[in-house]
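Step one of this worksheet: look at the structure below.
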Amino acid sequence: MDDRSTADVADVAEEWEIRGSTTPFQGRVTGVRTEEVLMPDGSWARRDYQTHPGSVSVLALDDRQRVLILRQYRHPVRQRLWELPAGLLDVPGENPLHAAQRELYEEAHCKAGEWRVLVDFYTSPGGTDEALRLFLATDLSEAEGERYEAHGEELELESARVPVEELVRLIHAGELHNPTLITGTLALYAALHGPGGLDALRPADSAWPARPYF
């Protein structure tokens, strides 16, 4: 095993040689790309992956240390999953923070006074280039004005506020399966119990190399 110092543990940008790239399918938002990639042994391998504009999500934490979660039907897995408010970055050049604020309003009719970056991650890097920025929103209150008019699966959204510790227990018990909810909950738990607490998190306008927006 290769022992490394913590200073060396970071993802780095790299791109292997490609000799052909096609898009056999392009939907309204996502597509499928097929590429021939040069392997270290000199062979060429085909890689098919979903192209994606990127996403944002919001872990909204109230003053009682409860997380706002939503349950929504997800057809590919045939389940109603508890999730965090989230949405696509399908407006070119949109600031991720503004998109997250919009999603919190539209899906939960809430606003937040404080925003930080909780964690950035690739949702499934072996099969899609989707990058997701997950914000922590605190100092919650109800949004002004009328509620957003829901469509499609969002017509039957359920909502709940669950203590962080209970969410951690449910995750370890195998009761919750949404990757963003799991990632966000465990990242929040680590931040709450780590040095510096929530103040050690990055500002909401921090650079995001996976989806530059400046």
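The values are calculated or read from the model by the stated rules, or taken from the named source; none is laboratory data. For clarity, every value in this text was computed on a predicted model and none was experimentally measured. Positions of Cβ are generated from backbone atoms using ideal geometry, with glycine treated the same way; all protein chains shown enter the neighbour counts. Keep in mind that these areas ignore ligands, DNA and RNA; they rest on the heavy atoms of the full protein, side chains included. Shrake-Rupley method; radii C 1.70, N 1.55, O 1.52, S 1.80 Å.
Side notes on the structure shown:
- Evaluated with a Cβ-only charge set (Lys, Arg +1; Asp, Glu -1), the stretch 1-116 carries a dipole of roughly 800 debye about its Cα centre, given to the nearest 20.
- The modelled label-to-label distance between ASP90 and THR128, using points 7 Å beyond Cα along the C-beta direction, is 1.3 nm.
- Separation between Cα centres of the stretch 167-214 and the stretch 66-127, rounded to whole Å: 12 Å
- The mean of 1/r over all distinct Cα pairs in the stretch 1-70, once inverted, gives the Kirkwood hydrodynamic radius of 16.7 Å.
- Between HIS172 and THR34, the contour length at 0.36 nm per residue exceeds the alpha carbon distance by 46.0 nm.
- Farthest toward positive dipole pole in the stretch 19-110 [+1 Lys/Arg, -1 Asp/Glu at C-beta], among PHE25, GLN101, VAL67: PHE25
- Each of the peptides 38-49, 69-80 was scored by the mean count of other Cβ atoms within 10 Å over its residues; in descending order, highest first, they stand as 69-80, 38-49.
- Accessible surface of the stretch 35-191 [probe 1.4 Å, protein heavy atoms]: carbon and sulfur percent: 49 percent
- The residues of the stretch 153-214 expose on average 59 square angstrom of accessible surface per residue, using a 1.4 Å probe on protein heavy atoms.
- Note on ARG64 and SER141: the extension gain reaches 26.4 nm, defined as 0.36 nm multiplied by sequence separation minus the Cα-Cα distance.
- Magnitude of the charge dipole for the chain, about its Cα centre and with charges confined to Cβ atoms of Lys, Arg (+1) and Asp, Glu (-1), is about 340 debye.
- Taking amide hydrogens as placed 1.01 Å from N in the peptide plane, the amide H of LEU118 sits under 5 Å from those of LEU134, PHE135, LEU136, each at least 5 positions away in sequence or on another chain.
- For the chain, built as a Gaussian network whose Cα springs stay under 10 Å, the top-fluctuating residue of GLU146, GLU94, GLU130: GLU146
- Restricting attention to the chain, close to 85% of DSSP beta bridges with both partner residues there are antiparallel.
- Residue-normalised accessible area of the stretch 1-90, given per residue in Å² at a 1.4 Å probe: 68 Å²
- Modelled this way, with points 7 Å down the Cα-to-C-beta line, the labels at HIS75 and ALA160 are 2.6 nm from one another.
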